[in-house]
Each structure stands twice: as C-alpha cells, then as structure tokens.
Amino acid sequence: MRRVMPFTIVTVTGLFMLVQYFIPREEFEWLYEWTLDWIIVIGCFAMLLGLWSMTYVSVSKVRRKIPGWGYNVITLAGLFFVLIVGFVPGQASLVRGSAFMHLFEYIYIPVQASMFSLLAFYIASAAYRAFRARTILATILLVSAIIIMLRLVPLGPLSAVNQWLANFILTVPNMAAKRAFWIGVGLGATATALKIMLGIERTYMGRD
Amino acid sequence: MHPSPDIGIWIGALLTLGIFSFLYGDNPYYKFCEALFVGVSAGHWFVTLFWTVFVAKLIRNVGIGLNTFITEGFSAGLSDYLHWSYIFGGVLGFLMLLRLFPKIGWISRWSLAFVVGTTSGYFFINYLVSNGLRQIEKSILSLGAEFWFGNLILVVGTFCGLIYFFFSKEHKGAFGGLARVGIWFLMITFGASFGYTVMSRMSLLIGRMDYLFGTWLGMIG
Amino acid sequence: MDRYSVKMRKLQAFVFFLLFSSIVIFPPDKAFAQEEAEMPASPTQVEASDTPNDNGHSITVKWKLSADDGAGKNNVVVYEVLRSDSPEGEFELRGMVPAGESVFEDQGAKDKQSPNYLPSHKQFYYKVRAKGDGIQSESLVSAPAYAYGQWFHTGKFPVFVAVIAFSAFALAFINLARKGKELYVRPLAGIEAVDEAIGRATEMGKPILYIIGLGSADMIATIASFTILSRVAKKTAEYQTPILIPCYDAVVMAVAQETVKAAYMEAGRPDIYKEENIFFLTSMQFAYVAGVNGIMLRERPATNFYLGKFYAESLILAETGSVAGSIQISGTDEIAQIPFFVAATDYTLIGEELYAASAYLGREPVLLGTLKGQDWGKAVVIISLILGAIAASLHFQFFLDLFRVQL
C-alpha cells in the first residue's frame with residue numbers, strides 16, 4: 001500500500017492527462033481543469049511546509065549558535081514581521097498603500113532590481129572568460145555575439161551590413177539550431193514523462 | 001543635489017548599495033541585506049498565496065460548493081461540482097502536511113504522486129506536440145522557393161543539430177563531421193542569445209543608477 | 001343621346017374622378033415598392049449541425065449565400081444568425097458574419113451560470129438574415145439541431161499516431177534491454193565528471209551543493225533533475241559527503257527529501273541522512289539567488305550542480321560559484337540560459353542531455369533503452385525533414401498536412 005499506491009496514482013493520473021487530450025467531451029474538460037486547480041491548492045498547503053522548514057533551519061542555527069546565527073535572526077524577524085503585517089489587516093493588505101505593499105515596494109522591489117542588475121557586471125566577466133577565442137567554438141560564439149550586440153549601435157557605413165548579418169543570423173542559423181534543440185528537448189522530456197508514467201523511473205518517490 | 005525626503009526611498013537605496021557591495025566581496029552589509037531579503041520575500045510570497053489562492057479559491061469555492069450541495073444535492077450541473085471539487089484539492093493539500101508527523105508522513109507521497117503523475121501526463125503530450133510535431137511542421141521548407149538558400153541552411157542546420165544530439169553513435173568520421181557542424185550552429189545560437197541579452201542587462205544597471213542618483217539623491221532628472 | 005346613356009356617362013365620369021382623386025390623395029407607397037424591389041434575396045438551404053471535435057456546446061450553421069451577395073443587386077452587407085428553441089418561438093441574435101461567408105459557429109459556454117450557456121442535447125432552430133443598408137430578408141427556419149461532445153478529436157490524429165509510435169519505439173528498446181542486449185551510448189563529458197566532482201568534495205571535506213532550479217514540481221525539467229539527484233545522492237551517501245539542497249518550491253523540497261532519503265537507504269546509509277540539509281529557502285527568484293550566493297560563499301561547497309529549470313539568475317549563480325572555487329556541472333532545457341552556463345561552468349548538459357543524464361548515471365538497461373527510443377525518434381524526425389523538404393519543393397501538400405494538428 002505504502003509503495004504501490006503512489007505509483008498507481010502516478011500512472012492513473014498520467015494516463016488520464018494523456019487520454020483527456022484526445023477526448024473533447026465536457027466531462028473530461030472539467031476534470032482536467034479541476035486537476036490543474038488541485039495542483040495549485042497542493043502548492044498552497046506545501047507552502048506551510050516550506051515555512052516550517054525555513055523556520056526550523058533558522059531556529060536550529062540560532063540555538064546552536066552556528067557562526068552567522070545573527071543573520072538567521074534577521075531572516076526570521078523579516079519573515080514574521082511581514083506575516084503579521086500581511087495577515088492582521090485581512091485581504092486589505094493586498095491593496096496598494098497598505099503597510100504590506102509598502103514593505104514590498106521599499107524592500108523587495110529595490111533589492112530584487114539590484115540583484116537583477118548585478119547581471120550587467122557578471123555578463124561582462126562571463127564574456128571575458130568565454131570570448132578568448134581559443135577554440136573554433138569559442139570564436140563562433142564570440143563573432144555571433146558581437147554581431148548581435150552591435151546590431152542596434154550606429155556604425156556608420158557598416159550599420160546596414162551588420163544589421164543584415166544580425167537579421168540573417170537570427171532568422172536562419174539561430175532558428176535552425178533552436179529547432180534541433182527544441183526537438184531534442186521534446187523527445188527527452190517525452191521519454192522522461194513516459195518513464196515516470198510507466199513506473200520505469202521510480203527514484204523520485206521515497207521508500208520505507 | 002536634492003535627496004528624497006521619503007524614508008522608503010532611503011531604505012531602498014541603502015539596501016541597493018548593500019547588494020552592490022557584494023561585487024567587492026562577501027561582507028556583513030551584504031549579509032544583512034540578503035538575510036532581510038530572504039525573510040521578507042518568503043513572508044510576502046506566503047501572504048499573497050494565502051489570500052489569492054487559499055482564501056479566494058479554496059475557502060470560497062468550498063463554501064459555494066457546500067451550499068450548492070445542501071440546496072441541490074446531486075442534481076447540480078458539472079460546473080457546480082467545480083466549486084466543491086476544491087474539497088478534494090484541499091484534502092490532497094492537507095495530506096501534504098502529514099509529512100510533519102514521521103509515523104504517518106508516508107501518506108503525503110500520495111499528494112506528491114498526484115503532482116508528479118499529472119505533470120508527466122500533461123507534458124508527455126505537450127512536448128510531443130509543441131516541440132515535436134509543430135517543429136517538424138515548421139521545419140518542412142521548400143528548396144525551390146524564393147528564399148531557397150535560407151531554407152537550405154535551415155534544413156541543414158536542423159539536420160546537423162539533431163545529429164549532434166544522437167546518443168547511440170560516437171561522433172567520429174562522417175557522422176562526427178555532421179555533429180561538428182551541428183555544434184557550430186548551436187554556438188551561433190548561444191552567441192546570439194548572449195549578444196541579445198547584454199543590452200537588456202545593461203539597461204537594468206542603468207535603471208538602478210537612475211534610482212540611486214535620480215530618485216534618491218536627486219542629482220539627475 | 002338618351003337619358004340612360006347620359007346617366008352611364010355621368011357614372012363613369014364619377015368613378016374615374018373617384019379613382020383619380022384616390023390616387024392623388026393616397027398615392028401608392030413608392031418607398032415600399034422601391035424597397036421591395038431592392039430587398040436582397042434570402043439565404044437558402046440553412047443547415048445546423050453539431051460542431052465536430054468540441055465539448056458539446058457548439059452548433060455550426062451553414063447556408064447558401066443570397067443570390068444578391070456579390071451578384072445581382074449586390075446589396076448584402078452582413079448575415080445575422082438567429083436561434084430559437086422552437087420554430088415558432090422568439091429568435092435571438094447569436095452573431096454576424098460579413099457578406100461572402102456562409103458558415104457561422106454558435107459557440108456557447110459550458111458553465112450553466114454563464115449568460116452564454118448552450119446546453120448540449122437540446123434542440124435549437126436557426127434562421128439566417130441577409131442584411132443590407134436598411135433592408136433585410138430572412139431564410140426559412142432550419143431543421144432542429146443539438147450539440148453533443150465527441151469521444152475522439154479527429155484533428156489530433158497525427159498526435160495519436162506520434163504517441164503510439166514513440167511509445168512503441170521506447171517500449172521495444174526497453175524490452176531489448178531487459179533481454180540483456182548491450183546498448184551503447186556515447187560518452188558525455190558532463191556525466192563523466194560527476195564521479196570526479198563528488199570525489200573532489202570528499203577529499204576536500206566540503207559539501208556538495210545541488211540546485212534543482214527555479215521550476216516547480218509540475219515541470220518536467222524539475223522531475224528530470226530529481227532522477228539525477230537520486231543517483232548523485234546515492235554516490236554522496238557512499239562517500240559520506242554532505243549534500244545541501246536549498247529549494248525554491250516547497251513541493252520540490254518534499255520530493256527532494258523523499259528522493260535523497262531513498263537514495264541513502266539504497267546505499268545502506270540511512271543513518272547519515274539529514275533532512276535539514278534539504279530545506280526551503282524562498283519562492284522569489286532573486287531572493288533565492290541571494291540566499292544561494294550566501295550559501296556558496298560561506299559553506300564553500302567543492303562541487304555545484306545546477307540541473308533543472310533556470311532563468312535570468314543562472315549567470316549570477318554560476319559566476320558566484322566560480323568565485324567560490326567550486327567545480328560546476330550545469331544542465332537546463334532553457335536555451336537562453338545555456339550560453340551563460342557554457343561560459344561560467346565547467347561542464348554543461350545541453351537540452352536533451354539533461355533528460356538523458358539519469359540513464360547515463362544509473363546505466364540501468366531499461367533507461368538506456370528509452371535513450372535508444374529517443375534516438376529513433378530523432379531518426380524519424382530527420383527522415384521527415386528530408387522527405388518534407390522534397391515534398392514541399394514539389395508542392396505535395398498532403399505530406400505537410402500529415403503534421404498539421406488542430407487544437
């Protein structure tokens with residue numbers, strides 16, 4: 001029961017999702033829509049597990065005075081402060097101008113945007129490493145990247161040529177490789193899904 | 001210079017500087033910002049999920065569904081079952097919470113199995129259609145048309161790219177040659193992706209500079 | 001002239017006067033006569049039938065164009081389609097199509113609460129009205145029709161064939177593998193480096209960091225990552241190397257815990273399994289990245305695995321790991337992130353290689369069998385491409401239609 005039931009559920013639900021694609025009847029449409037909603041609801045309950053995990057790990061580090069435990073206190077303080085500010089006013093906390101939304105605007109958004117903007121620095125360092133043109137592959141990567149990067153930059157008489165090249169690269173070889181990539185991914189993902197549904201791949205499910 | 005009087009802008013700016021300090025190296029200022037960010041984001045995510053999914057969908061629909069069941073019983077239409085079908089979703093969700101109790105935690109695998117099974121079935125078809133049949137449909141190109149050269153390169157590139165992803169044969173000889181052409185095409189794509197992204201990443205940095213020097217310090221704009 | 005003739009003449013004159021005056025006072029309706037002369041011919045042969053390949057809440061109406069549509073008086077602008085649940089009842093407007101079109105799909109909602117609800121198995125009658133500028137004419141009422149759902153969507157037949165074919169390939173090779181046939185797969189650098197990477201972590205006494213990506217458990221790339229995690233976790237259990245798995249999604253965390261625990265049990269080392277090493281961090285993209293960066297710089301893992309669904313944060317993770325001095329093995333099916341992984345990590349599994357990795361690591365015959373099935377699938381695609389190019393060049397439309405899927 002403990003071992004068989006989960007795999008039975010996997011196979012039955014997997015086969016249902018496969019079969020419902022071909023049956024346009026209303027009953028199957030409803031069941032399909034409910035299934036997607038149930039997954040969202042499961043995710044919602046699982047969030048409680050996530051919060052428990054986060055709290056447990058942080059409290060454990062604080063209790064054992066692991067080096068850097070002070071930062072875990074800050075994490076917990078931030079977490080519970082937001083929870084209080086978000087739950088106490090009720091659904092009104094999601095309205096613009098509420099304390100909850102102010103926290104989002106003044107803490108979350110600036111920090112998120114700053115983390116995102118770090119990419120500008122990292123992309124430069126990654127480009128320096130990747131574009132040293134030591135191999136044919138690195139050279140192709142470098143040349144292609146430069147042509148695309150410069151396509152919006154005014155280059156005088158070379159602009160038209162560069163833009164034509166950039167357009168050609170994007171619409172022809174780029175598209176060809178992307179198609180091959182996507183077809184490969186499609187076959188790989190389909191095979192993985194088949195292995196899961198048929199119970200050939202079982203390692204993701206625990207055992208006692 | 002006209003610094004903003006808004007305390008929220010000051011908080012945002014100081015946190016921004018804290019994140020940028022990471023470029024120099026790991027330091028207490030960055031660690032503080034990171035810890036706060038992780039805690040606040042997790043809390044924010046949970047609160048939003050609670051009000052928009054748990055209350056607005058689950059509680060509300062279960063309430064409507066129970067009401068429909070009391071008034072109409074089993075004679076309700078399929079669309080009415082939508083409401084109290086959420087009860088089943090709620091049960092599956094509740095089973096997840098049993099993970100917290102070691103002796104009965106194994107029951108939570110049923111909910112996980114539901115998610116994994118549904119995902120597998122859905123993506124089996126989804127990928128076969130979108131990444132398989134649709135790509136084949138679009139890759140079938142006429143070599144006698146006006147843009148025959150572009151079409152020829154598209155067909156050759158797709159062909160060689162697929163050869164590259166073959167697992168059953170080692171990349172040697174003529175087969176290896178075709179696979180090599182395939183990886184060249186892939187490198188062109190990766191280079192194009194790289195080049196495409198650079199400008200947008202730079203604009204993000206410009207946005208942050210505008211926030212610091214414009215919105216916060218009032219030095220520009 | 002006699003008296004009778006005079007009287008008759010007076011009578012005729014009076015009747016003539018009456019007629020003349022009535023014409024003057026009550027002139028014949030020139031507008032009506034004119035309008036009648038300008039009315040478009042009615043559409044004919046109106047037929048209503050169930051719309052095929054649907055959920056049973058749609059009826060298709062077809063008719064023969066009015067004779068004055070694009071010909072004759074050429075005064076038809078639009079066709080209106082009307083519906084009633086009885087031939088004598090009140091007809092309501094259901095929609096319009098421009099002149100020249102002779103098909104209309106009366107699509108209803110399946111939700112009873114919707115104002116556009118169209119019940120299935122209920123008879124409806126239709127008529128079509130041809131309209132011009134202030135003029136119109138109606139067809140006769142059609143025979144009754146009702147909507148019903150089909151058991152098979154015929155437009156999806158190519159997909160059905162593809163499902164059967166792919167499954168057959170995969171199952172055939174799985175069968176061959178089970179019979180003990182040796183199945184060769186070419187070496188992949190990223191996979192061959194896994195053992196070395198885990199060994200390095202063991203020697204250095206440092207943990208391994210495994211990032212399942214930013215996908216949720218309902219994404220196939222994440223599931224593929226679980227299958228790889230199982231093999232990696234088994235090796236870490238054998239080498240007694242700690243593995244840290246900060247998770248982006250709570251369901252992913254739960255599945256990862258199950259996967260690693262099972263792997264440790266399979267390795268015979270359930271005693272060293274620590275559930276707190278697989279924990280939830282946050283479900284916001286850059287907050288997760290900030291947290292993982294902190295772990296990388298403080299814990300200094302010897303090896304980082306990035307396997308699953310990644311987005312813009314991939315470069316930040318890979319660069320920080322590089323700064324921390326870790327060996328990094330990455331793999332994703334997001335083509336936009338591959339260049340960053342190629343640039344910043346030591347080994348990258350590109351696209352399909354991510355899905356093949358579990359078979360490579362486990363070397364189980366049945367899994368290698370599915371790899372062979374994938375390869376045969378690619379072979380079919382290649383043949384289709386070549387034949388398709390020839391067919392398209394020679395304008396053989398039937399070949400192109402083989403792959404056309406109706407949704």
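The values are calculated or read from the model by the stated rules, or taken from the named source; none is laboratory data. Nothing here was measured: the structure is a model prediction, and the numbers come from that model. We place every Cβ from the backbone using ideal geometry, glycine too, and count neighbours over all the protein chains shown. The area values use the complete protein model at the heavy-atom level, side chains included, leaving out ligands, DNA and RNA. Shrake-Rupley method; radii C 1.70, N 1.55, O 1.52, S 1.80 Å.
Residue-wise, which Karplus ³J(HN,Hα) couplings in Hz belong to segment A:28-42, taking 6.51 cos²θ - 1.76 cosθ + 1.60, θ = phi - 60°, and x for glycine or proline?
6, 5, 4, 4, 4, 5, 5, 4, 5, 5, 5, 5, 5, 5, 4
Segment C:194-214 to segment C:286-302: how many Å between their Cα centroids?
Answer, in whole Å: 14.
Calculated from DSSP H runs of 4 or more alone, at -39500 (n - 2.57) each and per residue, what is the 222 nm mean residue ellipticity of chain B, nearest 500?
Taken over chain B, the calculation gives -23000 deg cm²/dmol.
Show me you know the interface measure: the accessible area buried between C and A, both chains summed, probe 1.4 Å, in Å² to the nearest 100.
Separately minus together, C and A give about 5700 Å² buried.
Lysines near B:LYS172 by alpha-carbon distance under 24 Å, same-chain residues fewer than 8 away left out - which ones?
Counting by Cα, and skipping residues close in sequence, B:LYS172 has these lysines nearby: A:LYS178, C:LYS181, C:LYS372, C:LYS378.
For peptide A:99-106, compute the average count of partner chain beta-carbon atoms within 10 Å of each residue's beta-carbon.
That works out to 4 on average.
Mind listing the long-range amide H neighbours of C:ASP54? Cut-off is under 5 Å, sequence gap 5 or more, other chains count too, H placed in the peptide plane at 1.01 Å from N.
C:GLN150
Excluding ligands, DNA and RNA, what is the accessible area buried between chains B and A, summed over both sides, using a 1.4 Å probe, to the nearest 100 Å²?
Looking at B and A, the buried total is near 10300 Å².
Which lysines does C:LYS122 reach when only Cα atoms under 21 Å apart count, and residues fewer than 8 places away in its own chain are ignored?
Within the straight-line cut-off, C:LYS122 pairs with C:LYS62, C:LYS110, C:LYS112.
Give me the percent of the accessible area of segment A:1-87 that comes from carbon and sulfur atoms, probe 1.4 Å, all protein chains in place.
C and S fraction of accessible area: 74 percent.
Would you jot down the residues in segment C:173-198 that end up with at least 30 Å² less accessible area in the complete protein assembly than in the chain alone, with a 1.4 Å probe?
The answer is C:TYR184, C:ARG186.
What does the helix-only formula give at 222 nm for chain A: each DSSP H stretch with n ≥ 4 adding -39500 (n - 2.57), the total divided by the residues, and the result rounded to the nearest 500 deg cm²/dmol?
-25500 deg cm²/dmol
Please calculate the 1.4 Å probe accessible area of C:HIS121, with all protein chains present, and give it to the nearest 10 Å².
Here the accessible area works out near 130 Å².
Check C:GLY215: other-chain or 5+ apart residues with amide H under 5 Å from its amide H, H built from backbone geometry?
HN-HN under 5 Å from C:GLY215: C:LYS309.
Using a 1.4 Å probe, what is the accessible area per residue for the protein assembly as shown, in Å²?
Per residue, the protein assembly as shown has 44 Å² of solvent-accessible surface.
Within 10 Å of each Cβ in C:223-236, how many Cβ atoms from other chains are there, averaged over the peptide?
Mean partner shielding for this stretch: 3.
Work the Kirkwood hydrodynamic radius out for the protein assembly as shown: mean of 1/r over every pair of different alpha-carbon atoms, inverted, in Å.
Radius from the Kirkwood sum: 31.1 Å.
Quick one: which residues, 5 or more positions from C:LEU349 or on another chain, have an amide H under 5 Å from its amide H? H modelled 1.01 Å from N in the peptide plane, none for Pro or chain starts.
Amide H neighbours of C:LEU349, under 5 Å, 5+ apart: C:SER330, C:GLY331, C:THR332.
Using a probe of 1.4 angstrom, how much of the accessible area of chain C is carbon and sulfur, in percent?
On chain C, the fraction of accessible area on carbon and sulfur atoms equals 58 percent.
Take A:GLN163 and C:MET39, extend 7 Å from each Cα along the Cα→Cβ direction, and tell me the distance between the two endpoints in nm.
My value for the distance between the label points is 6.0 nm.
Between segment C:235-278 and segment A:142-162, how far is it from one alpha carbon centroid to the other, in angstrom?
49 Å
For q values of 0.19, 0.20, 0.22, 0.24 Å⁻¹, compute log₁₀ I(q)/I(0) with the Debye formula on a Cα-only model of segment A:1-87, without solvent.
Reported log10 I(q)/I(0), two decimals: -0.90, -0.95, -1.06, -1.17.
Once R0 is set to 56 Å, what does the formula 1/(1 + (r/R0)^6) return for the Cβ-Cβ distance between C:GLU101 and A:ALA99, expressed as a FRET efficiency to the nearest 0.05?
Computed FRET efficiency for C:GLU101 and A:ALA99: 0.50.
Give me the distance between the Cα centres of segment C:96-144 and segment C:356-396, rounded to whole Å.
Here the answer is 47 Å between Cα centres.
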